[in-house]
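Some notes on the structure that comes next.
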């Protein structure tokens, strides 16, 4: 199949979150399945500087927001990527410094609606083979609000490719005033609560939900959750309709097993696999992690269970549950704790205070270090991930791959990727971690205490590690599911 993959970021060219990883991993996996995939991405300044010399493949004009703009289609002369990437240069809309969505002050670019509205129009021109490239997709796969108008605009074309729209995080709707709706020249009938209007604003993400032939989310449980009022953020009605029409599917994200592999990880002082070094080398990585964070202060901590956290220090990630439970965990066990992250200042200060009061048992790194994150996954015995909601999550997969059983809240992708420890699941070899039902301090504390109790049973613990490391979270399985959806789902292109 010919597949056009429309996205606003792609690792390693530009990344602000997990979308960039998906935009690299999924097209590469589809390519390995002998599909012809082209990724289309805005030509941000950072991307152009990264790829170096480019060739202009074609150009065309798009209308909207008060005039016509010329769009140039660029391709890097040399690229380290496995997938063909087309960069869309639209006058001055994307050739700006820094973050794709935010200015130097950390505020949204004032014209984000125009930028990604016109990007969506440009993607449609490519999809209809009006860009002079002599290539047309069978399916256009769009991602998040930045490309939400693509399925809507393609619905006006006859014949057309099929459309798939993936919601990575429903929290970002791409909301803009009515003036942008008018400026983009969208059909007046679309200003309706069943179309693009959302509480007197234009919601670009809603365009993907309403008009795409198929809508996906990044885990089966998240697909169910967003159809409920508590998680649907006002769009649960549209999403429930989508589900009832057979258009909503949850497909778990894959992980990059070339980057996150303890047997090959260049960041690890000591490498290991499920077959070799799983016990001894993990302990040596634990010592290296403690040496780096605490030096001689923590010389005896290597013999104690070590619990780790990597992520944003915000309530969505459940950091408040951890800090509230920590005093009791410190009192009732010999466990030590490592935190890597940045976020709300009061949580940063709480962790600093805990580390100061317990210098031999709580170790904190405020900030982010890719290298340190890898060593933490390898060196810790337990990984703490009590997120209140998590569309997919990747750290729990990394933890399983590194033999570090996670403690997770039963939500979204966490629920779909971690099997709770029970006597039965341990006996049958299905258990991979510790899952708790309610996002409360009491439930999190009980799960952490269950984990520490099992850690005291070495044979059972080592079996649990082995179970996790044998899980397959590569992109191959997920890419196959997407390919089935491309082939079987949705519109036949005739309307």
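The values are calculated or read from the model by the stated rules, or taken from the named source; none is laboratory data. Here the structure is a predicted model, which means the values were calculated and not measured. Every residue, glycine as well, gets a Cβ built from its backbone with ideal geometry; the counts of neighbours run over all protein chains shown.
Could you go through the stretch 181-200 and let me know if any residue there is crowded, with 22+ Cβ neighbours inside 10 Å, closer than 25 Å to residue 390 by Cα and without any contact (Cβ under 8 Å) to a residue 40 or more places away in the chain.
No: the stretch 181-200 contains no residue that is crowded, with 22+ Cβ neighbours inside 10 Å, closer than 25 Å to residue 390 by Cα and without any contact (Cβ under 8 Å) to a residue 40 or more places away in the chain.
For the stretch 169-180, which positions are in contact (Cβ under 8 Å) with a residue 40 or more places away in the chain, surrounded by fewer than 23 Cβ atoms within 10 Å (Cβ to Cβ) and within 30 Å of residue 479 (Cα to Cα)?
Correct list: 169, 171, 173.
Could you grab me the full set of residues in the stretch 301-312 that are under 18 Å from residue 355 (Cβ atoms) and not in a helix (DSSP H, G or I)?
304, 305, 306, 307, 308, 309, 310, 311
Which condition breaks for residue 150 when tested against (1) in a loop (DSSP other than H, G, I, E, B); (2) at negative phi; (3) in contact with a strand residue (DSSP E or B) (Cβ under 6 Å, 6 or more places away or on another chain)?
(1)
Working only within the stretch 145-160, note down all residues that are surrounded by fewer than 21 Cβ atoms within 10 Å (Cβ to Cβ) and within 29 Å of the chain's Cα centre (by Cα).
155
Consider only pairs whose beta carbons are under 8 Å apart and that are at least six residues apart or on different chains; among these, list those whose first residue lies in the stretch 412-426 and is more than 17 Å from residue 453 (Cα to Cα) and whose second residue is surrounded by fewer than 18 Cβ atoms within 10 Å (Cβ to Cβ).
Short answer, once both residue conditions are applied: 416/220; 417/471; 419/425; 419/430.
Filter the stretch 352-376 down to residues that are farther than 23 Å from residue 285 by Cα and in contact with a helix residue (DSSP H, G or I) (Cβ under 8 Å, 6 or more places away or on another chain), then give me how many there are.
The number of residues fulfilling the criteria is 1.
Kindly indicate whether residue 126 is out of contact with any strand residue (DSSP E or B) (no Cβ under 8 Å at 6 or more places or on another chain) and closer than 20 Å to residue 43 by Cα. Please lay out each step first, then the result.
Working: out of contact with any strand residue (DSSP E or B) (no Cβ under 8 Å at 6 or more places or on another chain): no; closer than 20 Å to residue 43 by Cα: yes.
Against the criterion (out of contact with any strand residue (DSSP E or B) (no Cβ under 8 Å at 6 or more places or on another chain) and closer than 20 Å to residue 43 by Cα), residue 126 does not qualify.
Would you mention how many residues in the stretch 119-139 are outside any loop (DSSP other than H, G, I, E, B) and more than 13 Å from residue 4 (Cα to Cα)?
Total meeting the criteria: 2.
Please give the helices (runs of 4 or more DSSP H) falling wholly within the stretch 379-495 in which 2 or more residues are surrounded by fewer than 20 Cβ atoms within 10 Å (Cβ to Cβ) and at pLDDT 95 or above.
Fully inside the stretch 379-495 and qualifying: 423-427, 441-455, 458-469, 475-488.
Taking the stretch 195-206 as the search range and keeping residues that are part of a loop (DSSP other than H, G, I, E, B) and under 19 Å from residue 150 (Cβ atoms), which one is nearest to the chain's Cα centre (by Cα)?
Result: 196.
Just checking, how many residues over the stretch 8-19 are surrounded by 20 or more Cβ atoms within 10 Å (Cβ to Cβ) and part of a helix (DSSP H, G or I)?
Here is the first cut: in the stretch 8-19, the ones surrounded by 20 or more Cβ atoms within 10 Å (Cβ to Cβ) are 8-10, 13-14, 19.
Remaining after also requiring part of a helix (DSSP H, G or I): 19.
Of the residues in that region, 1 qualify.
Cβ contacts < 9 Å: first residue surrounded by fewer than 19 Cβ atoms within 10 Å (Cβ to Cβ), restricted to the stretch 337-352; second residue in a helix (DSSP H, G or I), any location; separation 6+ or different chain. Result?
Qualifying pairs under 9 Å: 342/348; 343/317; 343/319; 344/315; 344/319.
In the stretch 313-336, which residues are in a loop (DSSP other than H, G, I, E, B) and surrounded by 17 or more Cβ atoms within 10 Å (Cβ to Cβ)?
318, 333, 335
Take residues that are surrounded by 16 or more Cβ atoms within 10 Å (Cβ to Cβ) and at pLDDT below 95 and tell me which of the helices (runs of 4 or more DSSP H) falling wholly in the stretch 207-300 contain 1 or more. Show your work before the answer.
Values: elements: 220-225, 229-232, 236-244, 280-294.
Where helices (runs of 4 or more DSSP H) fall fully within the stretch 207-300 and carry at least 1 residues being surrounded by 16 or more Cβ atoms within 10 Å (Cβ to Cβ) and at pLDDT below 95, they are 229-232, 280-294.
Which is free of Cβ contacts under 8 Å to residues at least 40 places away in the same chain, in the same structural domain as residue 385 (by TED's automatic domain parsing) and either within 26 Å of residue 468 (Cα to Cα) or within 30 Å of the chain's Cα centre (by Cα) (or both), of 315, 303?
None of the other options fit; the residue is 303.
Given the structure, is residue 132 touching a helix residue (DSSP H, G or I) at 6+ places or on another chain (Cβ under 9 Å), surrounded by fewer than 23 Cβ atoms within 10 Å (Cβ to Cβ) and on the phi > 0 side of the Ramachandran plot? Outline the logic, then answer.
Working: touching a helix residue (DSSP H, G or I) at 6+ places or on another chain (Cβ under 9 Å): no; surrounded by fewer than 23 Cβ atoms within 10 Å (Cβ to Cβ): yes; on the phi > 0 side of the Ramachandran plot: yes.
Considered against the rule, which asks whether it is touching a helix residue (DSSP H, G or I) at 6+ places or on another chain (Cβ under 9 Å), surrounded by fewer than 23 Cβ atoms within 10 Å (Cβ to Cβ) and on the phi > 0 side of the Ramachandran plot, residue 132 comes out as no.
Which of the residues spanning the stretch 229-260 are closer than 30 Å to residue 470 by Cα and more than 18 Å from the chain's Cα centre (by Cα)?
Correct list: 248 only.
Residue 142 passes all but one of (1) part of a loop (DSSP other than H, G, I, E, B); (2) crowded, with 24+ Cβ neighbours inside 10 Å; which number fails?
All conditions are met except number (1).
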